[in-house]
Amino acid sequence: MNSLRRAILWSVLGGIFILIVLSAVGALIGSGELGRAAAEAFPGHPWVADLFGPQRPKELFNSWPLVIFWFAVAGLLAAGLAAFRRLVAAPAGLAMHLGALLVIAGAMWGSDKGHAMREALFGTVKVPSAYMPIMEGATEDRLFADDLQTPLAALPFGLHLRDFTVEHYPSDAATWALLVVAPTLDAEGNVAGVQEQLRWRVGEELAVPHSDARLTVLRYLPHARPAYAEGVRPHVEVALPGGERLALDAEVGRELTIRDAPPMRLKVVRVFSNLRVLGTGPGRRVIDAPGEGDNPAAQVQVIGPEGVWLEGYALAMETPVRSPDGELLANLRFSRPQPSGAEDDPASDAPAMELLLSCGGRQERRWLIVPRGAGVARLALAPIILGRETADDDMAAMMAPDLYLVRPVGPVSDYKSDLEVREGGRTVARRTVEVNDPLHYGGYHFYQYSYDSKHEAYTVLSAVSDSGLAAVYLGMALLALGAFGRFWAGPCRAFFSPKGNPNQTANSKRQMTSGK
């Protein structure tokens with residue numbers, strides 16, 4: 001019997017040692033250090049670096065040899081409970097052994113092999129890990145592979161992305177960046193963009209990269225607003241069915257009569273710098289989105305003798321407004337004329353820059369003015385470079401560089417997804433997910449994984465199955481309690497008892513002596 005106990009004890013210690021080695025190797029491979037070293041050592045053999053790719057640790061710990069190893073370790077721990085009877089009578093030792101068993105069992109239950117086994121034996125389909133790309137305002141219930149295109153499974157509920165926001169650390173730059181973006185052709189004839197930042201000073205002439213043009217910054221206003229010529233303001237163009245054209249100033253509260261009998265008028269109730277529509281159906285929201293973007297619009301009401309008849313939106317494109325029975329009332333178009341310049345405005349957070357552009361003996365003064373709430377202003381250089389007006393299909397104009405005035409931003413500090421869980425046509429849960437703060441629902445944890453860094457229009461969630469997680473947490477708690485009982489509770493109890501604490505024993509003797 002003693003030989004069996006020694007064999008079990010040494011086997012358990014050997015299994016723990018192997019587990020430590022495997023964990024260290026997996027961590028080293030996962031860090032990418034071995035992959036980089038292999039790539040440097042064998043530059044002409046990429047397959048060698050692939051042997052140590054970041055996906056290898058997961059493949060290693062889910063391989064059949066490791067599955068057999070996990071079962072062996074679990075069996076040894078169970079055999080230890082049977083062979084060492086004192087463990088059953090010692091609560092601390094029993095808790096530690098049961099905790100280790102639960103951790104291994106939970107990890108096996110939640111592994112890829114565990115999911116595959118349950119699907120084969122019980123028909124339970126649950127994806128161990130997958131991804132969910134979701135557009136802002138959309139609802140998604142499909143799980144995808146890591147290519148974000150191959151569907152793996154469908155959830156019995158959907159996740160609706162109400163809103164997505166990216167937060168940045170403050171930027172050290174006080175002045176907005178002036179960039180030149182020039183289209184170029186690659187070896188295959190595809191159009192690509194080359195970006196270069198200009199180091200400018202007021203009054204200093206600079207060459208514009210990728211062109212013969214030159215520029216001089218005449219003025220830079222850190223806080224500015226557009227200035228318009230007298231009588232020229234943003235407005236709503238109203239085209240009536242009879243051919244008459246009217247203009248309604250794009251200011252809240254302004255009204256315009258469009259019909260006398262019966263009397264009917266348009267009223268501006270809201271003006272947008274960057275109109276965005278979030279969601280569909282009854283939950284749809286129309287917002288003036290902050291940050292980058294430029295989609296001016298005006299919300300108008302059609303008011304008749306009995307009050308508000310209907311509401312609509314005047315966009316940058318012509319938009320028809322019809323009565324409930326389908327009659328065309330007017331065609332609306334939001335018109336925001338080019339400003340004639342800019343002026344100081346302490347309340348504004350956007351700058352403006354006046355430029356002197358020259359090319360081929362021609363000179364022009366132009367303004368780069370950032371619209372309110374936007375993060376960028378663009379100026380096409382094709383007219384000054386080519387010396388003529390350009391069209392949308394003008395290839396020479398399309399290959400000319402553009403100037404951009406761009407808001408300085410610091411590194412990304414956080415990105416958040418405002419999610420709703422929709423099941424059976426109703427919202428059953430809602431949570432804002434951010435890095436290391438997931439949503440847990442329906443047997444999955446949904447983590448913030450990635451996002452659309454260019455337009456911030458969608459997010460990518462990582463969906464991880466929670467199978468076996470409760471057993472792992474319970475096992476870790478038992479391990480902690482057992483370790484505390486084994487290494488702290490006993491010594492503390494002995495220390496504070498009169499027999500175990502020499503100071504207390506000496507005090508007791510002195511008290512007994514003085515009492516005599």
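Nothing in this text is a laboratory measurement; each read-out follows from the coordinates by a stated rule. Just so we're clear, the structure is a prediction, and the values are computed from it rather than from any experiment. Positions of Cβ are generated from backbone atoms using ideal geometry, with glycine treated the same way; all protein chains shown enter the neighbour counts.
Can you sort Ser358, Ser465 from fewest to most other Cβ atoms within 10 Å of each residue's own Cβ?
Numbers: Ser358 16, Ser465 20.
Listing Ser358, Ser465 from fewest to most nearby Cβ atoms yields Ser358, Ser465.
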Positive-end residue, the stretch 235-335 charge dipole about Cα centroid, Cβ charges, pick of Pro262, Thr319, Asn274: Asn274
Net dipole in debye of the stretch 294-436 [+1 Lys, Arg Cβ; -1 Asp, Glu Cβ; about Cα centre; nearest 20]: 260 debye
Cβ-placed point charges (K, R +1; D, E -1), dipole of the stretch 168-291 about Cα centre in debye, nearest 20: 640 debye
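Residues with beta-carbon under 14 Å from that of Leu419, excluding Leu419: net charge, scoring Lys, Arg +1 and Asp, Glu -1? Spell out each step's value before the answer.
Values: positive: Arg162, Lys416, Arg422, Arg430, Arg431; negative: Glu136, Glu140, Asp141, Asp163, Asp418, Glu420, Glu423, Glu434, Asp437.
Within the 14 Å Cβ shell, the charges total -4.
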Calculated FRET value between Ile16 and Ala470, using beta carbons and R₀ = 30 Å, to 0.05: 0.80
Assigned charges on the beta-carbon of Lys, Arg, Asp, Glu; the stretch 235-335 dipole about Cα centre (debye): 200 debye
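Contact order normalised by length for the stretch 235-335, with contacts defined as Cα pairs under 8 Å and 6 or more residues apart; what percent is it? Don't jump to the answer; show the numbers that get you there.
Numbers: 224 pairs, mean separation 25.7, N = 101.
Normalised by residue count, the contact order of the stretch 235-335 is 25 percent.
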Alpha-carbon centroid distance for the pair the stretch 134-198 / the stretch 402-439, whole angstrom: 13 Å
Rg and Dmax of the stretch 235-335, Cα atoms only, in Å: 13.7, 44
Within straight-line cross-link reach of Lys126, aspartates and glutamates at Cα separation under 14 Å, skipping those fewer than 8 residues along the same chain: Asp112, Asp141, Asp466
Options Asn331, Gly243, Leu310, ranked by Cα towards positive dipole end of the stretch 235-335, top entry (Cβ charges): Leu310
